[in-house]
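Presented below is the structure to which this report refers.
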Amino acid sequence: MIYKTILVDDEPLAISRLKRLLSAFDDVFEIIDSASNGEEALQKIESLKPDLIFLDIEMPLLNGFELLEQLEYMPKVIFSTAFDQYAIQAFEENSLDYLLKPVEKDRLAKTVEKLRSLEKQQQGMDTEALTRLLTQVNQKKTIHSITVKKGDKILFIPLTDIAYFHAEDKYVFLNAQDGMQYLTNYTITALDQKLPDEFIRISRSAIIHTHFIESMEKTFNGKFMISLKDIKKTKLESGSSYGDNIKGLMEV
């Protein structure tokens, strides 16, 4: 069987590398398209209905898991990511393959063997297995840092150093207490689910670390102006629909 395949990754070099590696298996994969973010991938998968996708996990707009949750048409999925904090055991237990970047030819050959062994067993994605996987990886775990990319490096920013996150247009930034700012691959919603309780969402576009709150001032329509103790003395306004949560947390 030749699998009509879409490559989903926000890094052009990763797409190019994967295309080159997959060309050695042209009797298995037919690359019909690629996508550089979750929203683009959602449209192309629903339209082109590929047999299989190679899916990066950390991407802007929609991450890999958020993309899968929104799909109506479900192809086979092979995850590929530079981040290894996800539970590899969960992927293996649910009959999904997981490639750690940079993908190597020998490891890809094992993926091909696995696909061939599954051809007689199933022609589509095991949606029950996927549901179990999403449940496992989306459970709030104890985390101590957030990973961000800086050039070719992956930095681990301790939660204790993070003052707040904010969204601008389609991007979400991590703001450290020392004034440094980093682009993340998370959505605000994904961070809201991932972060521990000392982080609270104060608006559609901002999450703050409560340990850095210096003061609050009530403004209007149930909103608050929140002053932080970071080096920039940042001030953020809450959304009106988040006022009750803030008042409850701060006992106002």
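Where a number appears in this text, it was derived from the coordinates with a stated rule and is not lab data. Treat the numbers as computed from the prediction; the structure is a model and nothing was measured. Quick reminder, even Gly has a Cβ in these numbers, built from the backbone with ideal geometry, and neighbours come from all protein chains shown.
Whole-Å semi-axes of segment 145-250's equivalent ellipsoid, largest first, each the root of 5 times a Cα gyration tensor eigenvalue? Display every interim value, and only then the final one.
On the way: eigenvalues 111, 40, 29 Å².
Over the Cα atoms of segment 145-250, the ellipsoid semi-axes are 24, 14, 12 Å.
Which pairs break 28 Å Cα to Cα here: Lys49/Lys114; Lys4/Lys194; Lys170/Lys194; Lys150/Lys232; Lys76/Lys101; Lys49/Lys105?
In this structure, Lys4/Lys194 exceed 28 Å between Cα atoms.
So which GluC sites (Glu not before Pro) in segment 163-252 end up in coil per DSSP with only 13 or fewer other C-beta atoms within 10 Å?
Glu198, Glu251
Would you mind ranking Met216, Met59 by Cβ crowding within 10 Å, fewest neighbours first? Present the calculation step by step, with values, prior to reporting the outcome.
On the way: Met216 16, Met59 26.
If I rank by nearby Cβ atoms, fewest first, I get Met216, Met59.
Quick one: which residues, 5 or more positions from Ile146 or on another chain, have an amide H under 5 Å from its amide H? H modelled 1.01 Å from N in the peptide plane, none for Pro or chain starts.
Those lying under 5 Å, H to H, from Ile146 are Ile157, Leu159.
Could you pull out every one of the aspartates and glutamates with an alpha carbon less than 15 Å from that of Lys149, ignoring same-chain neighbours closer than 8 positions?
Cross-link targets: Asp9, Asp10, Glu11, Asp56, Glu58, Asp84.
For Asp152, Asp56, Asp27, which order do you get if you count the other beta carbons within 10 Å of each Cβ and list the fewest first? Walk me through the numbers before you get to the answer.
Details: Asp152 5, Asp56 28, Asp27 9.
If I rank by nearby Cβ atoms, fewest first, I get Asp152, Asp27, Asp56.
May I ask you to list the aspartates and glutamates whose Cα is less than 12 Å away from that of Lys110, ignoring any residue fewer than eight positions away on the same chain?
Correct list for Lys110: Asp97.
Assuming 0.36 nm per residue, please report the length gained on full extension of the stretch Leu13 to Lys232 beyond their Cα-Cα distance.
Values: separation 219, 0.36 × 219 = 78.84 nm, distance 3.56 nm.
Full extension of this stretch gives 75.3 nm more.
Applying the Karplus parametrisation 6.51 cos²θ - 1.76 cosθ + 1.60 with θ = phi - 60° to the phi angles of segment 240-247, what ³J(HN,Hα) value in whole Hz is obtained for each residue in order, glycine and proline being reported as x?
4, 7, 9, x, 4, 5, 5, 4
Students often check this: by mean Cβ neighbours within 10 Å, which of 172-179, 99-106 ranks highest, and how do the rest follow?
Values: 172-179: 17.6, 99-106: 13.9.
Descending mean neighbour count gives 172-179, 99-106.
At a Förster radius of 25 Å, what calculated FRET efficiency corresponds to the Cβ-Cβ distance of Leu48 and Glu69, to the nearest 0.05? Each step should come with its number before you reach the end.
On the way: r = 19 Å, r/R0 = 0.78.
E(calc), rounded to 0.05, equals 0.80.
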